[in-house]
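Before any comments, here is the structure.
The values are calculated or read from the model by the stated rules, or taken from the named source; none is laboratory data. These figures come from a predicted structure and were not determined experimentally. Using ideal geometry, Cβ is built from the backbone for each residue, glycine included, and neighbour counts are taken over all protein chains shown. We work out accessible area using only protein heavy atoms, side chains counted, and drop any ligands, DNA or RNA first. Shrake-Rupley method; radii C 1.70, N 1.55, O 1.52, S 1.80 Å.
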Amino acid sequence: MDAAEFRKRGKEMVDYIADYLEKIDKRQVFPDVEPGYLRPLIADHAPQDPESFEDVFKDIEKIIMPGVTHWNSPYFFAYFPVASSFPALLADMLCGGIGCMGFSWAASPACTELETVMLDWLGKMVNLPEEFLAGKDGQGGGVIQGSASEATLMALLAARTKIIRQVQSEKPELTEADILGRLVAYASDQAHSSVEKAALIGAVKIKSIPSDDAFSVCGSALKKVLDEDKAAGLIPFFFCATLGTTPCCSFDKLLELGPICNKENIWMHIDAAYAGSAFICPEFRHLLNGVEFADSFNFNPHKWLLVNFDCSAMWVKKRSDLTGAFKVEPLYLKHHHQESGLITDYRHWQIPLGRRFRSLKLWFVLRLYGVMGLQEYIRKHVRLSHQFEHLVLQDERFEICAEVVLGLVCFRLKGSNELNEALLKSINDAKKIHLVPCHLREKFVLRFAICSRTVESTHIKFAWQHISQLATDLLKAWEQNHQQQ
């Protein structure tokens with residue numbers, strides 16, 4: 001494919017993507033395929049001779065689309081949003097076209113410098129304390145990670161290195177292995193599974209802190225566990241607070257937890273993967289109060305800020321805590337400007353060496369939507385979630401299971417877990433909308449997340465009417481079965 005054909009095929013692909021997104025509501029949100037559907041549709045081996053673009057293009061609809069779950073559909077209400085917008089898609093095209101590997105400033109100066117500035121822009125949008133910003137001479141700063149899972153892992157590993165060095169400076173007789181065996185990390189019993197995974201990778205113990213009736217961790221619960229562990233000779237070193245938990249979008253109490261972590265020399269990382277985007281709205285910014293106590297903070301613009309995957313924004317108060325833990329300097333990666341103090345080499349902030357020009361997506365989206373446009377997008381989703389909540393509350397057969405703060409509604413039929421499992425199965429088997437569940441304490445709960453960029457009030461009404469009718473049919477069938485028994 002030469003440049004001339006690329007121009008032609010590129011225009012065709014842009015048209016195809018635009019048509020796909022414009023007409024996505026006409027596609028069934030969840031596919032009909034069974035596991036293994038794809039292998040019989042394609043050859044066992046790669047072709048020896050080149051095939052035509054036309055043949056490849058035809059196979060998109062024939063082979064790929066039948067197995068796609070349409071995350072951008074206005075009938076997709078599962079998990080959390082997967083952000084997508086035309087500006088971000090255009091920026092990703094440019095990123096691929098430039099094709100730089102921005103592991104150092106010298107590898108592509110614009111790639112490094114735009115990222116530093118964009119993370120400062122974004123930090124100011126959520127009103128982060130000055131310590132988290134790079135500015136011209138700050139000690140903190142931001143970085144784009146691939147996911148919140150990576151951000152949590154980086155924070156935990158940096159905290160581990162920091163505490164091991166501190167303990168060894170006080171007690172030189174202790175080996176790294178001696179200290180490592182006593183380290184303990186903590187997170188809410190509602191925290192994402194990636195926190196536990198980070199502890200597994202970091203080879204440290206992790207303990208769950210019980211949440212309260214609002215599914216939040218409070219200071220007294222953390223302090224109780226810390227006191228017990230210190231008395232047992234363990235070394236608490238890391239706490240991951242969650243703002244907007246995956247099951248029900250609950251918020252840990254930073255203003256109680258932060259001072260405890262600071263006093264006990266515990267690194268506090270804040271995972272706000274989903275909820276963080278909402279903090280650009282002044283009316284939701286109070287949910288981030290207490291961030292001033294944290295050592296690191298992360299949220300995903302690729303969830304709810306119209307920047308397509310992957311773009312996970314992470315900030316640290318002291319970037320030397322990260323770079324000091326992960327700095328490796330082979331000669332072939334060194335350059336003349338790395339000690340200038342004016343720039344950072346992001347290879348020291350992450351697990352992989354190579355990195356894409358992801359800040360282009362932020363730059364395009366922030367400029368083409370503006371802060372006000374993004375705020376209205378967030379507010380619209382929150383309004384739609386309260387619309388769905390209101391519809392649920394009007395039906396006495398259902399109950400709301402957690403406070404609706406942002407764009408997630410947790411609800412269920414009043415009754416057994418088996419009844420609600422059957423309702424979810426009937427919803428997803430019908431494939432008109434798509435939901436996923438969670439457990440809140442012992443209850444099986446249905447999650448209704450406002451996800452799509454194109455979702456409107458009419459889609460919410462349709463979803464509720466569909467759920468309500470399926471519930472009516474299900475309850476009728478269960479009553480008949482009960483009478484027969």
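Data for the structure
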read-out	value
Cα gyration tensor shape of region 50-119, rounded if a/c is under 1.5, else prolate or oblate by comparing a/b with b/c	oblate
Rounded accessible area of residue 14 (nearest 10 Å², 1.4 Å probe)	60
Enclosed volume per residue, in Å³, of the convex hull spanned by Cα atoms of region 408-479	85
Helix-derived mean residue ellipticity, 222 nm - over the chain, DSSP H n ≥ 4, -39500 (n - 2.57), to 500	-14000 deg cm²/dmol
The chain: relative contact order in percent, alpha carbon pairs under 8 Å with at least 6 residues between	22
Residue-normalised accessible area of region 70-164, expressed per residue, 1.4 Å probe, Å²	36
Quotient of Cα Rg and 2.2 N^0.38 Å for region 85-200, N being how many residues it contains	1.39
Net charge of Cβ neighbours under 15 Å - reference residue 228; Lys, Arg +1; Asp, Glu -1	+3
Cα pair distances in region 141-182, grouped into 10 Å bins until the bin that holds the longest one, percent each	26, 40, 22, 11
Cα gyration tensor shape of the chain, rounded if a/c is under 1.5, else prolate or oblate by comparing a/b with b/c	oblate
Range of Cα positions in region 3-82 per principal axis (Å), largest first	42, 32, 20
Where GluC sites (Glu not before Pro) in DSSP loops with at most 12 other Cβ within 10 Å are excluded, longest remaining stretch of the chain	174-338
Surface per residue (accessible, 1.4 Å probe) for region 189-307, Å²	34
Per residue Cα convex hull volume in Å³ - calculated over region 356-485	140
Dipole moment magnitude, nearest 20 debye, the chain about Cα centre, only Lys, Arg, Asp, Glu C-beta charged	480
Of the trypsin sites (Lys or Arg not before Pro) in region 239-315, those whose Cβ has at most 14 other Cβ within 10 Å and which sit in DSSP loop	none
Descending semi-axes in whole angstrom, ellipsoid equivalent of region 146-243, from the Cα gyration tensor	24, 17, 9
Kirkwood Rh in Å, taken over region 39-84 so that all alpha-carbon pairs contribute	13.4
Sites matching chymotrypsin sites (Phe, Trp or Tyr not before Pro) across region 425-485 that sit in DSSP coil, with at most 13 neighbouring C-beta atoms within 10 Å	none
Ranked packing of 361-369, 62-70, 271-279, 231-239, most packed first, by mean Cβ within 10 Å	271-279, 361-369, 231-239, 62-70
Rounded Å value of the spacing that divides the Cα centres of region 166-238 and region 1-68	47
Solvent-accessible area, 1.4 Å probe, carbon plus sulfur percent, for the chain	56
Rg/Rh for region 107-171, where both radii come from Cα atoms and Rh is the Kirkwood radius	1.07
Environment charge of residue 118, counting only residues whose C-beta is closer than 12 Å and scoring Lys/Arg +1, Asp/Glu -1	+1
Cα-based radius of gyration of region 100-356 once divided by 2.2 N^0.38 Å, which approximates compact folds	0.99
